[in-house]
Amino acid sequence: MNAPSERIASDVKVLVSDIEELVKATAGQSGEKIAATRARLQSAVMEAKDTVALHTKQAAEVADRYIHENPWKAVGISAGVSAGIGLLIGLVIGRQ
């Protein structure tokens, strides 16, 4: 796995852990513990969203740069993917 994927996986694990703790805390614990757990959960959700947004932006920048540096390769890849999708749709329609 690459570093961004590892970071996202780590963030998701933390988020799941905080959600589990929130569920346990709301099962009969005091309001103070629930508030503290919810604050951590909210922080974890915001951090995960920021991480995903950052990696999405970075991936878009890399793709944009690649397309500008290799326009004919990008056209070829796009045409290949389109042809493959068309073939799959044709096979599905043909079986009905």
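Bear in mind that the values in this text are calculations on the coordinates, not laboratory data. Remember, predicted model here, so these are calculated numbers, not experimental data. All Cβ positions, even for glycine, are placed from backbone atoms using ideal geometry, and neighbour counts span all protein chains on display.
Order of 50, 11 from fewest to most other C-beta atoms within 10 Å? Numbers along the way, then the final one.
Working: 50 11, 11 18.
Least to most surrounded, the residues fall as 50, 11.
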Original post:
What percent does the relative contact order of segment 3-70 come to when contacts are Cα pairs within less than 8 Å and at least six residues apart?
Top reply: 38
Original post:
Counting Lys +1, Arg +1, Asp -1, Glu -1, what net charge surrounds residue 15 among other residues with beta carbon under 12 Å of its beta carbon?
Top reply: -2
Original post:
With each pseudo-label sitting 7 Å past Cα toward Cβ, what's the residue 22-residue 70 distance in nm, one decimal?
Top reply: 4.2
Original post:
Taking only the alpha-carbon atoms of the chain, what semi-axes of the equivalent ellipsoid follow from 5 times the gyration tensor eigenvalues under a square root, in whole Å, largest first?
Top reply: 43, 21, 9
Subject >> Proximal lysines relative to residue 24, as straight alpha-carbon distance under 22 Å, when same-chain residues fewer than 8 apart are discounted >> reply: 13, 33
**OP:** Quickly work out the residue 63-to-residue 32 label distance, labels modelled 7 Å from Cα along the C-beta direction, and quote it in nm with one decimal.
**Re:** 4.9
Original post:
Around residue 51, what is the net charge, scoring Lys/Arg as +1 and Asp/Glu as -1 over all other residues with Cβ under 12 Å from its Cβ?
Top reply: -1
